[in-house]
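Novice: Attaching a single structure in structure tokens format; questions to follow.
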């Protein structure tokens, strides 16, 4: 009697799913790089760099897991790629925030395009600072 973990996807189905996931992930990663070249302002570039890139990586990692074919292999693959996905989820917004804040401090962001300027007070020098 076969256990649940030994159930396998047919080879052609697994290959087709992996092909579609990798193709969509690669297109999303390519669109992120094209967005970096296309957009001229820092917020647009940050949005183009973080959103599709993360989703493309998630889809490619899922393709790695599905390539194992068996239910047990897919679960093991998901366990293996989960730290990669979590690190990407943690570092992409953090790096985008750091780049955006530095661009704000350097004055390379169009101040008139901002809807809310939460850092306006931090740019002023306190009276006791000299």
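Novice: Go through (1) outside any helix (DSSP H, G or I); (2) surrounded by 11 or more Cβ atoms within 10 Å (Cβ to Cβ); (3) out of contact with any helix residue (DSSP H, G or I) (no Cβ under 9 Å at 6 or more places or on another chain) and name the single condition residue 115 misses.
Specialist: (2)
Novice: Can residue 86 be described as within 30 Å of residue 3 (Cβ to Cβ), touching a residue at least 40 places away in the same chain (Cβ under 8 Å) and either touching a helix residue (DSSP H, G or I) at 6+ places or on another chain (Cβ under 6 Å) or part of a helix (DSSP H, G or I) (or both)?
Specialist: Details: within 30 Å of residue 3 (Cβ to Cβ): yes; touching a residue at least 40 places away in the same chain (Cβ under 8 Å): no; either touching a helix residue (DSSP H, G or I) at 6+ places or on another chain (Cβ under 6 Å) or part of a helix (DSSP H, G or I) (or both): yes.
Here the answer is no, as residue 86 does not meet what is asked.
Novice: Restricting attention to the range 20-34, does a residue exist that is assigned to a helix (DSSP H, G or I), over 22 Å from residue 87 (Cα atoms) and over 17 Å from the mean Cα position of the chain (by Cα)?
Specialist: If we filter the range 20-34 for residues that are assigned to a helix (DSSP H, G or I), which is where we start, we get 20-34.
If we keep only those that are over 22 Å from residue 87 (Cα atoms) as well, we get 20, 23, 34.
This time we only want the ones that are over 17 Å from the mean Cα position of the chain (by Cα), so: 20.
Yes, the range 20-34 has at least one match.
Novice: Taking the condition of being touching a residue at least 40 places away in the same chain (Cβ under 8 Å) and farther than 18 Å from residue 11 by Cα, how many residues in the range 49-83 meet it?
Specialist: Total meeting the criteria: 2.
Here, each number is a calculation from the coordinates, and none is a lab measurement. Everything quoted here is computed from the prediction, not taken from an experiment. With ideal geometry, Cβ positions are generated from the backbone for all residues, glycine too; neighbour counts draw on all protein chains shown.
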